[in-house]
Amino acid sequence: MADPTCPTLDEALSAAPTVNPRIVLFALAMGGFTIGTTEFAAMALVPYFSAGLGIDEPTASHVISAYALGVVVGAPLIAVFGARVARRSLLIGLMVIFGLFNLMAAMAPTYGTMLAARFLAGLPHGAYFGVAALVAASVVRPNQRAQAVARIMVGLTVATVIGVPFASFLGQTVGWRWGFALVGVLAATTAVLIWVYAPRDAGDPGARPMRELSALGNRQVWLMLAVGAVGFGGFFAIYTYTASTILEVTQASPVMVPVALAVFGVGMTLGTLAAGWAADRAPVRTGFFLLLSSAALAAIYPLTTGSLATLLPMLFLIGMTGSLGTVIQTRLMDVAGDAQTLAAALNHSAFNVANALGPWLAAQVLLAGYGLPATGYVGVVLSLAGALIFAAAVLDARRGKGWG
């Protein structure tokens, strides 16, 4: 006969201590901070490591594209073959690998080694953000998913306020290599925080590569990925050459480069928080607003590069539009079905296609003889193209189950 004072299994489970969502989100956001520091700091350090490695700046920008290519390649491979691994363990492993390859970049003796190190460092990026977004969404209510994803992305945007300016400062003072070495320390810190605070899970024994690959047969997945790959390219076209623009066009003191990058980052942070709130309520309108605002600001950007008084407010506003990923990530959770891990990771592959496409197109414009302010016109074209693809995704969704 059962002891009436002894709790049933269901009661015991329901009484078990639960994770604190705020602490979990902080630990996951620390990973975003780590990744954001190296991703955006590499762009800010272009003038310094190009000189250090004896290459010109357009060539040095290929290091940015190499990292982005690593994200594009690594995200789907790790998502597909790591789907059965417990998410907590996978996140820890990804951070360890990320830190090691950033230390490799810090010690790179040649341009070729640097190129390889940045490609390898990009491999864990997309999978980390994809898995972290799923963990974040699992510890909050369904109507708060976009805000949870936004808080993970805030780690990345805060990196542009603190981590990137500090890395840029290190590049100007003690050497650009320390900017990458800093990321190794941050990655180790993140791995410890996740080990301590992330919820324990047993993995998904039913996960199979073919189940994850089923996301590739969903038209909505492809359309949303295309929005990120194209529409966000303009943001990176401008951001990559911000430091060079400040030094060569605005002709400001190098001391102002970290300040300008911090202003950019404050805009991204506030924009991401606002986009998370808005996307939980009106995802379609939020997406259109971000893409069209980005195009409009990019068109005005060339007119503001002559003075810090006009350039700094413009960088703040452009930074605010850099929150499109929250809208796309949340939508992918709705349409990916059983392939959640792959779809979430592919979102960051798409954004790093943008990270490669935008700077590459901007480099072609510069090599053609146009000045640095012309990177804004690259931003106009890519943002408007992204808005058209987003419109196609909305129309396609409304022919089916519909989308808000």
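Miscellaneous remarks
- Positive-end ranking of ALA350, GLN220, LEU315 along the dipole of the chain, with charges on Cβ about the Cα centre, is headed by GLN220.
- Evaluated with a Cβ-only charge set (Lys, Arg +1; Asp, Glu -1), the chain carries a dipole of roughly 500 debye about its Cα centre, given to the nearest 20.
- Dipole of segment 142-299 [Lys/Arg +1, Asp/Glu -1 at C-beta], most positive-end residue of VAL263, THR160, ALA150: ALA150
- C-alpha long axis of helix 308-320 to longest principal axis of the chain, angle in °: 20 degrees
- Magnitude of the charge dipole, segment 73-193, Cβ model with Lys/Arg +1 and Asp/Glu -1, debye to 20: 340 debye
- Accessible solvent surface per residue of the chain, calculated while the other protein chains remain in place, 1.4 angstrom probe, Å²: 40 Å²
- Compared with the dominant principal axis of the Cα atoms in the chain, helix 324-335 is inclined by about 30°.
- What the phi angles of segment 235-240 give under the Karplus curve with 6.51, -1.76 and 1.60, with θ = phi - 60°, is a coupling list of 4, 6, 4, 7, 4, 4 Hz, glycine and proline written as x.
- Per residue, the Cα convex hull of the chain amounts to 138 Å³.
- Within the full protein context, the accessible area of ASP334 is estimated at about 80 Å² for a probe radius of 1.4 Å.
- Nearest-10 value in Å² for the accessible area of TRP195, using the 1.4 Å probe: 150 Å²
- Under the convention that each Lys and Arg Cβ holds +1 and each Asp and Glu Cβ holds -1, the size of the dipole of segment 208-334 around its Cα centre is about 400 debye.
- Expressed as a whole percent, the accessible surface of segment 239-309 that belongs to carbon and sulfur atoms is 72, based on a 1.4 Å probe.
The values are calculated or read from the model by the stated rules, or taken from the named source; none is laboratory data. Owing to the predicted nature of the structure, the values given are computational and were not obtained by experimental measurement. Methodologically, a virtual Cβ is constructed for each residue, glycine included, from the backbone with ideal geometry; neighbour enumeration extends over all protein chains shown. All accessible areas refer to the heavy atoms of the entire protein, side chains included, with ligands and DNA or RNA removed. Shrake-Rupley method; radii C 1.70, N 1.55, O 1.52, S 1.80 Å.
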